[in-house]
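**Q** Take a look at this one; I'll ask things after.
The values are calculated or read from the model by the stated rules, or taken from the named source; none is laboratory data. Not measured: the values here are computed from a predicted model. Every residue, glycine as well, gets a Cβ built from its backbone with ideal geometry; the counts of neighbours run over all protein chains shown.
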Amino acid sequence: MFAQPLDYAPGETFVYKPTDSHLLSAIITEVSGKSTLEYGRERIFDPLGIPTDEAAGFAWNTDAQGYYGGPTGLRLRTHDLAKLGYLYVNNGVWNGAQLIPAEYVAESTRTQSEGDWSDAGDVTYGYHWWVADHGEYQAFFAAGFGGQFIYVIPDLNIVVVTVSEINESVKELRDIIDEGIIPAAE
């Protein structure tokens with residue numbers, strides 16, 4: 001990762017690079033002394049009741065060094081993706097326990113960089129969440145391969161999860177949210 005040339009000088013412009021998320025997975029492993037999966041089980045998966053066994057449909061790829069994929073290769077059930085969104089709707093609280101610091105939830109779901117995803121429309125980037133406006137409502141979303149999304153609109157207490165095998169445009173999903181879901185929730 002470190003041998004790859006930079007596209008721009010640090011701080012000059014935002015470019016989404018999956019290698020950055022993978023480096024974060026390696027850092028978590030090295031600092032905690034646990035694999036990212038073990039760390040995730042303790043902090044997120046087990047408290048949310050997300051099974052991490054293959055029989056439950058869970059899978060997470062590792063690289064040649066044994067690090068779990070930061071940007072890709074995690075497979076969860078649709079219901080479990082919704083739990084992650086709901087955790088963020090509730091500022092990191094699940095069943096009365098603060099699993100993620102509320103300050104981090106707030107910082108991670110607000111604009112940290114201008115973003116560069118032109119297919120998504122007018123979106124910015126937080127910390128591993130894309131950030132978007134829907135009229136008067138602030139939203140944020142995680143986007144996975146082939147049309148997998150966790151889309152969160154906290155002010156309406158909405159979590160929308162899509163799971164597909166086609167690479168639908170996030171702009172199309174945003175239009176469905178604007179034209180159908182938000183009006184129905186209001």
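**Q** Run down Gly146, Gly70 and say which single residue is in contact (Cβ under 8 Å) with a residue 12 or more places away in the chain, surrounded by 17 or more Cβ atoms within 10 Å (Cβ to Cβ) and either in a loop (DSSP other than H, G, I, E, B) or not basic (Lys, Arg) (or both).
**A** Unique residue meeting the criteria: Gly70.
**Q** Go through region 163-180 residue by residue and tally those that are buried (at least 18 other Cβ atoms within 10 Å of the Cβ) and modelled with pLDDT of 85 or more. Walk me through it before giving the result.
**A** The first filter runs over region 163-180 and keeps only residues buried (at least 18 other Cβ atoms within 10 Å of the Cβ), leaving 170, 173-174, 177.
Checking which are modelled with pLDDT of 85 or more leaves us with 177.
Here the count works out to 1.
**Q** Quick one: Trp130 ticks every box in (1) crowded, with 17+ Cβ neighbours inside 10 Å; (2) farther than 21 Å from Leu156 by Cα; (3) touching a Phe, Trp or Tyr at 6+ places or on another chain (Cβ under 7 Å) except a single one, so which number is it?
**A** Result: Trp130 fails condition (2) only.
**Q** Continuing with the same structure: Is it true that Ala97 is more than 18 Å from the chain's Cα centre (by Cα) and farther than 20 Å from Phe145 by Cα?
**A** Working: more than 18 Å from the chain's Cα centre (by Cα): yes; farther than 20 Å from Phe145 by Cα: yes.
It is true that Ala97 is more than 18 Å from the chain's Cα centre (by Cα) and farther than 20 Å from Phe145 by Cα.
**Q** In addition: Among what's in region 156-186 and is touching an Asp or Glu at 6+ places or on another chain (Cβ under 8 Å) and assigned to a helix (DSSP H, G or I), pick the residue that is nearest to Asn61 (Cα to Cα). Give the derivation first.
**A** Here is the first cut: in region 156-186, the ones touching an Asp or Glu at 6+ places or on another chain (Cβ under 8 Å) are 156, 162, 169-171.
Of the ones still in play, those that are also assigned to a helix (DSSP H, G or I) are 156, 170-171.
On the way: Leu156: 34, Val170: 25, Lys171: 28 Å.
My answer is Val170.
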